[in-house]
Amino acid sequence: MTEPVLRVRGLTKKYPGVTALDQVDFDLRRGEVHVLFGENGAGKSTLISIVSGAQRPDGGTIEAGGRAVELSGVAAARALGISAVFQEFSLMPTMTVAENLVMGSEPGRFGFVDRRRIRRLARERLDEFGFRIAPDRLVETLSRAEQQMVEIAKAFRPELSVLILDEPTASLTDEEAERLFALVEEARGRGIGIIYITHRMAEIRRLADRVTVLRDGRLVTTVPGDTPDEQLINLMTGRVVEDLYPELPVPGTDVVLAARGLTTFDGSVRNASFELRAGEIVGFAGLMGSGKSAAARACFGLERVDSGTVTIAGQDLTGAKPAAVMKSGVVYLPSDRKQEGLFLERPLRETVTLPWLRRAPMSTGPLLRPGRERAVAGDMLRRMQLSPADPERPAASYSGGNQQKGLLGRALLGECTTYLLDEPTVGVDVGARVTIYERIVALARAGSAVLVVSSELPEILHLCHRVYVFSHGQITAELTGADINEEMILRHMMHWGEPAAKDIA
Ligand SMILES: Nc1ncnc2c1ncn2[C@@H]1O[C@H](COP(=O)(O)OP(=O)(O)OP(=O)(O)O)[C@@H](O)[C@H]1O
Ligand SMILES: [Mg+2]
């Protein structure tokens with residue numbers, strides 16, 4: 001129990017202009033879940049990328065199983081029993097699930113390609129986890145959650161001694177997350193050491209044996225897993241966070257957006273009626289695939305509408321293109337930052353300003369004013385607590401949570417009447433969330449209608465005036481006031497629409 005499976009001393013990693021890790025010490029024991037906790041950009045992903053062989057450090061030593069090791073690459077780390085699931089996935093998009101699972105994890109063992117054998121092995125792997133994914137599918141056709149499952153199945157290997165998971169539940173349903181927790185607990189029982197990165201306090205409560213807190217690339221401390229939330233947040237931010245959620249303003253009554261009997265072409269939303277009012281924050285709750293995101297997308301012209309209507313500011317915009325919906329004062333924040341929004345190789349500034357470039361103050365008539373564009377982007381990103389606070393760096397060089405702040409900054413820049421925000425705080429640290437919640441409330445106070453689509457229950461409970469609960473494509477409840485509580489929401493989230501006879505029996 002005392003002999004660490006992994007010991008890191010003085011680990012240092014520098015990027016141009018940033019010391020991502022500064023002399024960090026870290027130990028991982030056999031059979032423990034060790035959470036890495038820290039603000040966005042604190043160095044968590046950098047630490048695990050070095051320990052898993054994906055990057056080389058600029059200084060420091062790593063010992064695995066009591067011996068000093070040089071991790072020349074991911075394969076070298078794998079050979080030592082160290083395996084990671086990264087925040088940004090590493091699957092080959094144009095290969096099948098089976099090829100990724102079997103060949104990726106066991107290079108060289110398949111001299112000539114025995115497709116049937118590869119399929120069978122992949123099928124067995126996926127079944128072991130209860131993941132329902134066909135081994136023949138190409139990775140590029142998978143949803144984010146499905147890719148995550150393949151990554152997880154790939155990382156779990158029989159000879160594993162260290163398992164590393166970077167925000168693994170970010171795109172899983174509750175049910176899938178439960179299954180992952182069970183797997184993690186089982187791995188812990190087998191003596192595997194697990195490094196687990198999360199911003200979710202509930203996951204720390206559920207899994208952590210110890211927590212190591214990083215701040216600005218430095219080790220703050222390592223504490224027991226049952227350290228209270230407030231204390232962990234205090235260690236992480238260096239300040240006391242009193243209230244996560246600001247007080248809500250009194251909502252207005254004017255309907256800004258109304259959907260009636262909305263049904264999408266693919267059936268992801270069926271007969272949904274809802275409305276957003278000026279000065280109001282409305283929540284869409286539901287499991288992944290319940291239709292809550294699809295309903296928001298349909299309002300913005302991103303899902304094909306089969307029947308029903310979407311009216312915005314009194315105008316029928318059913319089936320209109322996103323550009324037309326934007327013209328009527330609506331802005332949309334996608335939940336998947338990689339696929340739908342970031343220009344990875346370009347300065348983050350461009351991601352923020354692009355949709356708004358032709359408006360004042362960034363343009364005067366047909367003329368773009370680059371100086372003003374820089375100022376506007378810089379100002380917004382400062383307010384979002386971007387770190388490092390330099391919008392000229394490429395988007396790809398920011399940590400996951402900081403990329404999210406960039407996208408959210410873009411959405412908030414629009415000065416619109418209606419905001420459709422899908423998972424606005426995914427991957428954002430607790431401290432920066434406070435700022436984001438304050439911004440969202442400020443939008444409502446200024447009279448905008450705000451939709452928050454969220455799989456974070458606390459966000460739905462504390463940030464919303466009114467909540468629609470989705471299940472299997474349908475709205476199963478509309479809740480206000482004291483009815484917005486955990487029990488009510490969960491009950492309606494599990495609801496199957498029309499009760500079937502067998503449910504009554
Ligand atoms: N490829 C890169 N080029 C330049 N800087 C980088 C690169 N990758 C990370 N950084 C910087 O290193 C620091 C640590 O980033 P890291 O991704 O480790 O943070 P993190 O703790 O995982 O944050 P998050 O919670 O947002 O995922 C940040 O300042 C980040 O901007
Ligand atoms: Mg990270």
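The values are calculated or read from the model by the stated rules, or taken from the named source; none is laboratory data. A quick note: this is a predicted structure, and the numbers were derived from the prediction, not measured. Here the Cβ positions follow ideal geometry from the backbone for every residue, glycine too, while neighbour counts run over all protein chains shown. Surface areas here come from the heavy atoms of the whole protein model, side chains and all, with no ligands, DNA or RNA. Shrake-Rupley method; radii C 1.70, N 1.55, O 1.52, S 1.80 Å.
Measuring with a 1.4 Å probe in the full set of protein chains, what accessible area per residue, in whole Å², belongs to segment 349-414?
Numbers: 2860 Å² over 66 residues.
Result: 43 Å² of accessible area for each residue.
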* Computed over segment 349-414, the ratio Rg/Rh where both radii use C-alpha atoms and Rh is Kirkwood -> 0.97
* Looking at segment 29-130, which chymotrypsin sites (Phe, Trp or Tyr not before Pro) are DSSP coil and have at most 12 other C-beta atoms within 10 Å of their C-beta? -> PHE112
* To do: Quote the Stokes-Einstein diffusion coefficient, in whole µm² s⁻¹, for segment 4-237, based on the Kirkwood radius over alpha carbon pairs, a temperature of 4 °C and a viscosity of 1.567 mPa s.
  => 71
* Under DSSP loop assignment and at most 16 Cβ neighbours within 10 Å, longest trypsin sites (Lys or Arg not before Pro)-free interval of the chain -> 360-505
* To do: Rounded to the nearest 10 degrees, what's the angle between the helix 174-189 long axis and the longest principal axis of the chain, both from Cα atoms, 0 to 90?
  => 10
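With both bridge residues required to lie in segment 4-237, what share of the DSSP beta bridges run antiparallel, to the nearest 5%?
Numbers: 23 of 41 bridges.
Rounded to the nearest five, the antiparallel share is 55 percent.
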* Structure fact -> Here, GluC sites (Glu not before Pro) of segment 214-289 satisfying both criteria (DSSP loop; at most 10 other Cβ within 10 Å) are GLU242, GLU247
* To do: For segment 130-216, run through the GluC sites (Glu not before Pro) and keep only the ones in DSSP coil with at most 16 other Cβ atoms within 10 Å of their Cβ.
  => GLU159
* FRET efficiency for ARG205 and LEU368, using Cβ-Cβ distance with R0 set to 51 Å, rounded to 0.05 -> 0.55
* Structure fact -> Relative to the chain, whose Cα atoms define the longest principal axis, helix 144-155 and its Cα axis are tilted in degrees, nearest 10, by 10
* Could you give log10 I(q)/I(0) at q = 0.10, 0.13 Å⁻¹ for the chain, computed by the Debye formula over C-alpha point scatterers of equal weight, without solvent? => -0.84, -1.36
* Using θ = phi - 60° and Karplus 6.51 cos²θ - 1.76 cosθ + 1.60, couplings along segment 31-37 (whole Hz; Gly, Pro as x) -> x, 10, 9, 10, 7, 9, 10
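Looking at the chain, send over the antiparallel percent of its DSSP beta bridges, to the nearest 5. Provide the component values of the computation, followed by the final result.
On the way: 45 of 80 bridges.
Close to 55 percent.
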* Surface share of carbon and sulfur [accessible, 1.4 angstrom probe, percent] for the chain -> 51
* What does the accessible area per residue of segment 4-237 come to in Å², with a 1.4 Å probe and no ligands, DNA or RNA counted? -> 42
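Which percent, nearest 5, of DSSP beta bridges in segment 139-274 are antiparallel?
Percentage antiparallel, nearest 5: 60.
Can you compute the helix-only [θ] at 222 nm over the chain? Use -39500 (n - 2.57) per DSSP H run of at least 4 residues, normalise by all residues, nearest 500 deg cm²/dmol. Before the final figure, lay out the partial values.
On the way: 17 runs with 159 residues, N = 505.
Only helices count here, giving -9000 deg cm²/dmol.
Given C-alpha coordinates of segment 250-295, what is the ratio Rg to Rh with the Kirkwood estimate of Rh?
Working: Rg = 11.9 Å, Rh = 11.6 Å.
Over the Cα atoms of segment 250-295, Rg/Rh equals 1.03.
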* **Pairwise label distance in nanometres, ARG445 with VAL250, each label 7 Å out on the Cα-Cβ vector** => 1.5
